[in-house]
């Protein structure tokens, strides 16, 4: 278990913000066919602030820990700040992930960005498409 930091183990054993949400402002779902991880992020946004966030993740301990930490990092933040969350920030907040598990943090970043894109689309809000994951070519996205 020395492969994983105490923070990774804590977020794996005691994940924060688990569950679904009724009437979310936005939902983002991503999956990785190689490892079988699937992540769904739900956002509740009021006055441009993420007032609630939940996740459902089917995957390994690193995927669950990444989802948990990512939701903690954006809760209570403005949408614009959540949009700048990077997988590196998730990894750093977890005190690191093994190299072969970095993709889990990438999935968490992508799921959040797709939930924000869903929020923008539902509300007719203009946005810069280059800020979001490449839905057609990467194969992770399920937000079409």
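All of the numbers you see were taken from the coordinates with simple rules; none came from a lab. No experiment lies behind these values; they were computed from the predicted model shown. Every residue, glycine as well, gets a Cβ built from its backbone with ideal geometry; the counts of neighbours run over all protein chains shown.
Values as computed for the structure displayed
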| read-out | value |
| --- | --- |
| Once the Cα gyration tensor of segment 1-71 is diagonalised, semi-axes √(5λ) in Å | 24, 15, 8 |
| Order of 57, 71, 84 under a 10 Å beta carbon neighbour criterion, fewest first | 84, 57, 71 |
| Gained length - residue 121 relative to residue 52, 0.36 nm times residue gap less alpha-carbon distance | 22.9 nm |
| Highest-MSF residue in the chain out of 34, 101, 122 [GNM, Cα springs under 10 Å] | 34 |
| Nearest 10 degrees, 0 to 90: helix 61-74 Cα axis against the chain principal axis | 40 degrees |
| Sorted by Cβ neighbour density within 10 Å, fewest at the top, the residues 21, 39, 9, 69 | 9, 21, 69, 39 |
| Fluctuation leader among 94, 107, 73 - the chain, Gaussian network, Cα springs under 10 angstrom | 73 |
| Length-normalised contact order of segment 1-141 in % [C-alpha pairs under 8 Å, at least 6 apart] | 29 percent |
| Ranking of 81, 109 by count of other Cβ atoms within 10 Å, fewest first | 81, 109 |
| Residue 35/residue 3 FRET efficiency (R0 25 Å; Cβ-Cβ; nearest 0.05) | 0.95 |
| Over segment 6-138, volume per residue of the alpha carbon convex hull, in Å³ | 101 Å³ |
